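Nothing in this text is a laboratory measurement; each read-out follows from the coordinates by a stated rule. Not measured: the values here are computed from a predicted model. Glycine also receives a Cβ, built like all others from the backbone with ideal geometry; neighbour counts cover every protein chain displayed.
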Amino acid sequence: MTRKLIVTHHAPDLDAICAAWLLKTFDSQHYGDAKFAFVNPGDKISEAELSQKEISPSDVMHVDTGLGNFDHHQPSRGHDHSSAASLVYDYLCQLHPELQQDKSLQFLVEFVTDIDHFGELFWPESNHLRYNFMLHEIIRGIESIELHNDDSQLHFGFLCIEGVYSSLKQQIKAEKILKTKAQYFQINAGTCMAVKTRNDNTLKLAQKYGSVMVIRKDSARGHIRIKTRPDIDLDLRPLWEEILKTDSAGTWYYHPSGKMLINGSEKHKNQKPSPLSLEQVITLVKKIYGT
């Protein structure tokens, strides 16, 4: 099969990057090894450049430029809440209807489309500096310091979107795990959550849902992570000291904040997993912090 060429505009923004990423990722049969070219916004690649690249016009796909199937800048689409990403997504769902069940992908495309229509104008405190950490602002920021050329900016965006997509999938899985597998119990300070899973997103998500303490035992590696909400007056030092009396095999780290007790993380590669079961840790927590 002839290698395809995806054409988008110079200084690709989040929408252009996402549209190209969708084609490469979910229509890999045609675009998995595609090359890229860049034109001025609205333009198509010239026949002369195609001839120089020895590429047939039939092997070219324009996204977010060129007024083709994957461009939303036609006058007829001027008032549609669409984007290059949403147009590619609709095409992919025709090829692979199962993608319509992918909530992570659906949310990703909806977010990119909203950003392309300046939807952040309606966010709470929309002028707050925190939003400069959002991906679309980072992409725009690196343009002003000339950190990337068109191609490297596109591939930087691919990596970031891949990370976002992975994070979305983990959070959606975490939501299901918290509803179906987690144990909830009471201490004097409030409700706690304990769960045996590989999904680390359950820790933050349970705290956001209101759990004052969260405990996760990695179902594959055996490591245990314990955290408390930063706004709750709970110090994990007494629990740490009690665990050390019981567990002589696991490697435990007590964080100076008093809010984290860690037996294994991606940041620390040499910690030995704890043999303590989730039920044993829950018993110790109840003993120390009351029920």
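Details
- The calculated pair-distance distribution of the range 151-291 uses every alpha carbon pair, bins of 10 angstrom beginning at 0, and gives 11, 40, 32, 11, 4, 1 percent.
- When the alpha carbon gyration tensor of the chain is reduced to an equivalent ellipsoid, its three semi-axes come out at 48, 20, 18 angstrom, largest first.
- Degrees separating the helix 237-246 axis from the principal Cα axis of the chain, which is the longest one: 70 degrees
- Annotation: amide H-H contacts under 5 Å for H9 (H modelled 1.01 Å from N, sequence separation of 5 or more, or interchain): V39.
- Residue-count net charge about L129 - beta-carbon cut-off 15 Å; Lys, Arg +1, Asp, Glu -1: -1
- C-alpha long axis of helix 103-116 to longest principal axis of the chain, angle in °: 60 degrees
- The count of lysine pairs in the range 29-181 that are at least 8 places apart or cross chains, and whose C-alpha atoms lie under 27 Å apart, stands at 11.
- Value of D in µm² per second that Stokes-Einstein yields for the range 1-160, Kirkwood Rh from Cα pairs, at 25 °C (0.890 mPa s): 150 µm²/s
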